[in-house]
């Protein structure tokens, strides 16, 4: 089970991120999760949204270069050590994590992690086997 993430390439200059988020806001697109990575020349805004198709269309029409990729979304207990438990399973299964980011959901005592990993089907199976719940695109859209 995977979730679709949009990576938007932004020039590293004042206003670039504001322009992207303004376009999303003007089109009533709700971001469910967000991460920003940068270098001296450009940034990558990684976003999970409530409407993937509409968002990619809006970004394209506004001239933003972007890609769509599959990531894992995992519900974890929002308690000390919750993330450590997930990472232990991935480590034990020798799953390489390329990057990850977290966000809180609408449910009390729940947190969500987004993982970009090598072999995400295998990683999802390992986590499910250990009792962690994978979250799908529809559930994230409803948060």
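The values are calculated or read from the model by the stated rules, or taken from the named source; none is laboratory data. Nothing here was measured: the structure is a model prediction, and the numbers come from that model. In this analysis, Cβ positions are derived from the backbone assuming ideal geometry, glycine residues included, and neighbour counts consider all displayed protein chains.
Please go through segment 119-134 and pick out each residue that is part of a loop (DSSP other than H, G, I, E, B) and over 14 Å from residue 87 (Cα atoms). Spell out how you get there, then give the answer.
So in segment 119-134, the residues part of a loop (DSSP other than H, G, I, E, B) come out as 119, 130-132.
Listed by number, the list holds a single entry, 119.
Do you know which residues across segment 69-90 are over 12 Å from residue 120 (Cα atoms) and surrounded by 12 or more Cβ atoms within 10 Å (Cβ to Cβ)? Steps first, please.
Our first condition is that a residue be over 12 Å from residue 120 (Cα atoms); within segment 69-90, this holds for 75-89.
Listed by number, the residues that qualify are 75, 76, 77, 78, 82, 83, 85, 86, 87, 88, 89.
Can you tell me which residues in segment 30-54 are in contact (Cβ under 8 Å) with a residue 40 or more places away in the chain, part of a strand (DSSP E or B) and either surrounded by 14 or more Cβ atoms within 10 Å (Cβ to Cβ) or over 14 Å from the mean Cα position of the chain (by Cα) (or both)? Don't jump to the end; show me each part of the working.
Within segment 30-54, the subset in contact (Cβ under 8 Å) with a residue 40 or more places away in the chain is 32-35, 37, 46-52.
So of that shortlist, the ones also part of a strand (DSSP E or B) come out as 32-35, 37, 46-49.
Selection gives 32, 33, 34, 35, 46, 47, 48, 49.
Being under 23 Å from residue 34 (Cβ atoms) and either more than 13 Å from the chain's Cα centre (by Cα) or at pLDDT 90 or above (or both) narrows it down to one of 102, 123, 88, so name that one.
Values: 102 fails: either more than 13 Å from the chain's Cα centre (by Cα) or at pLDDT 90 or above (or both); 88 fails: under 23 Å from residue 34 (Cβ atoms).
None of the others qualify; the one that does is 123.
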